[in-house]
Structure formats: structure tokens, C-alpha cells
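Asker: One structure is given below, represented as C-alpha cells, and several questions about it will come after.
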Amino acid sequence: MNQYEKFKKMERKSYSDVTRYLKSRTHLTAREWVIARLCADFRNTSNRAEMTWIGENLPELAPFVERPYSRQEVSNAHSAFQKKVRRSGATFFYAYYAGLLDTEQMISVIHNVISDIRELVEVEGVEVPEEHSEEVQMLIAEVLKRINESLEEEEEYDEYEEYVT
């Protein structure tokens, strides 16, 4: 099997080095990152991840992984990835929703996030067009706008409740 190209920049890195690098930018471990990437890239005709195949071929696909994984280990790592993404999203948007960060602070965070995203994708050997950064910023801005609208609706409802009672 030819070396999987996405992890070529990590060829001479240890598993610990990759985890340290990821932890400086995300909440992910090398295990979660590599499994999520492979599950996204290797799907069967039913659009399901080839977890058994991924696990068996893991050392050939990712140079920093030393041993194959069982299907269950692949499934557990993929599940851990999904849980961390959900919790990270909740943490990110909660900070704004709860008023812990104002708009200016949130914009600063978003610029840092975009920079980290770009670097992570480039580590996978993919060039990131500027339009993608703008698209991510627009999606986040839309979510923040919806949060603001939701907060305004809650305030209006609370005022109505106070008026009625």
C-alpha cells in the first residue's frame, strides 16, 4: 500500500509529537484526529466508514501510528472525536450566548480559530483557498446573529411574562 498522503508532513513525528501539536490548537489527540480523517476519507458504497479496514491498515496510513487498531478501537476514537466537537462547539457558542465574550472578543477568537484551521488543513497536505476562510467566518457570523435574535426573543418573552403576571 502506498503511504496515505494526508499525514505525510507528520512522517518523522512520533504519536506523542502529533498529539502535542494537536493539543496546542484543538482538544483532539492524534488518535481521534487520524481516525476522524480516515473515517471521512474511506467510506464504502453505503457511505459508511470502513472501520475494520482502517484499523487493520492504520500503521500504513498514518506514519506516527505504530500498531493496528481493532474495529472497536476505531469506533471508540471516532465517537470520542464527535463528542469533543460537540462539546467544543457548545463551549465556543456558550461563551458568546452567555455574554462571557463580547462581539469584539468573539471576532478575535474567530480569527485565531480560522488561523488554526488553516494550519491543521495544511498539515494534511491541502491548500486552503481564501474563500474557505471567508465561508467559515460567514457561517459563524450567521450563528452569532441567530444567537442574538434568540436572546432578543427571550428578553421579549420575559418582558411579556412579567407584563401578564
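Asker: How high is the relative contact order of region 39-165, in percent, counting Cα pairs under 8 Å that sit 6 or more residues apart?
Answerer: So the answer I get is 13 percent.
Asker: Need one word for the chain: rounded, prolate or oblate. Basis is the Cα gyration tensor (sqrt eigenvalues a ≥ b ≥ c); a/c below 1.5 gives rounded, then a/b vs b/c decides.
Answerer: It is prolate, given that a/c is not under 1.5 and a/b is the larger ratio.
Asker: I would also like to ask the following. Mind checking which lysines have their Cα closer than 29 Å to the Cα of K6? Skip sequence neighbours fewer than 8 apart in that chain.
Answerer: K23, K83, K84
Asker: Also, I was wondering about something else. What dipole magnitude, in Debye to the nearest 20, does the chain give about its Cα centre under +1 on Lys/Arg Cβ and -1 on Asp/Glu Cβ?
Answerer: In debye, rounded to 20, the chain gives about 1660.
Asker: Within region 109-134, name every residue whose backbone N is under 18 Å away from a label modeled 7 Å from Cα of R12 along the Cβ vector.
Answerer: Within reach of a label on R12: 123-125.
Asker: What ranking of L58, L144, L100 emerges when the number of other C-beta atoms within 10 Å of each C-beta is taken as an exposure proxy, fewest first?
Answerer: Going from sparsest to densest Cβ surroundings: L100, L144, L58.
Bear in mind that the values in this text are calculations on the coordinates, not laboratory data. These figures come from a predicted structure and were not determined experimentally. Neighbour counts are summed over all protein chains in view; Cβ atoms, including those assigned to glycine, are modelled from backbone coordinates with ideal geometry.
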